[in-house]
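What follows is a short report on a single structure.
The values are calculated or read from the model by the stated rules, or taken from the named source; none is laboratory data. Note that the coordinates shown come from a computational prediction; the quantities given were computed from them, not determined experimentally. When we count neighbours, we look across all protein chains shown, and the Cβ atoms used for this are built from the backbone with ideal geometry, even at glycine.
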Amino acid sequence: MKLIAGHRDLAKFKNAFANLALPFLAFSEPLQAAKNKYYDQEWTLWDRFEVTGEMSLQEFLNYFDEKEKLKITMLSQGVSMLYSFFMPKAKCSERLPLPMSEVVRRVSKRRIEPYERSLVFEICCNDVDGEDVEVPYVRYTLP
């Protein structure tokens, strides 16, 4: 209710937990989400890269290279590794021209249901200096 009323000050929010079986009552105050940084961009665990529309795996890699100046070294979706720098050349060249949704279907061996509007990808990246950087997840919106 406080958020709807326009309150943004975290100190005004409180949380209560009641366990009637024990009897136990606990109060807490929420903490601000930890902030991470790559280049000059700050992000929290609530942030996502937003990518909209179907594109090939190669276009996806190029998108991050050009737009965010990040070189993707590993890309996964759930427990499925879709791309990595150490992947065999034959497997890599087979996947690069495929649309992202097709790569997910082939690698995870599961169907993307018609009601699924987006996919969440985890990426490991290097910056322009070749250093490993921590980045948010990618929300890939399907067409």
Could you pull out the residue among Leu96, Leu45, Leu82 that is touching a residue at least 40 places away in the same chain (Cβ under 8 Å) and touching a helix residue (DSSP H, G or I) at 6+ places or on another chain (Cβ under 8 Å)?
-> Leu96
Output the residues belonging to region 34-56 that are over 30 Å from Glu102 (Cα atoms) and either acidic (Asp, Glu) or in contact with a Phe, Trp or Tyr (Cβ under 6 Å, 6 or more places away or on another chain) (or both).
-> Asn36, Asp40, Glu42
For residues that are loosely packed, with under 11 Cβ neighbours inside 10 Å and either touching a strand residue (DSSP E or B) at 6+ places or on another chain (Cβ under 9 Å) or within 23 Å of Lys91 (Cβ to Cβ) (or both), scanning just region 129-143, find the one that is modelled with the lowest pLDDT.
-> Pro143
Pairs, first more than 12 Å from Trp43 (Cα to Cα) in region 126-138, second of a type in the set (Lys, Arg) and assigned to a loop (DSSP other than H, G, I, E, B), C-beta under 9 Å, six or more apart | Asp127/Lys69; Val128/Lys69
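Table: residues versus (1) over 17 Å from Arg139 (Cβ atoms); (2) surrounded by 10 or more Cβ atoms within 10 Å (Cβ to Cβ); (3) touching a residue at least 24 places away in the same chain (Cβ under 8 Å).
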{"residue": "Leu25", "(1), (2), (3)": "yes, yes, no"}
{"residue": "Gly53", "(1), (2), (3)": "no, yes, yes"}
{"residue": "Asp65", "(1), (2), (3)": "yes, yes, no"}
{"residue": "Val104", "(1), (2), (3)": "no, yes, yes"}
{"residue": "Val107", "(1), (2), (3)": "yes, yes, yes"}
{"residue": "Glu116", "(1), (2), (3)": "no, yes, yes"}
How many residues does region 122-136 contain that are assigned to a strand (DSSP E or B) and either more than 13 Å from Met74 (Cβ to Cβ) or small (Gly, Ala, Ser) (or both)?
-> 0
Within 19 Å of Gly53 (Cβ to Cβ) and surrounded by fewer than 17 Cβ atoms within 10 Å (Cβ to Cβ): does that describe Val120?
-> yes
Out of all the residues in region 29-43, which are exposed (fewer than 10 other Cβ atoms within 10 Å of the Cβ) and over 22 Å from Asp129 (Cα atoms)?
-> Leu31, Gln32, Ala34
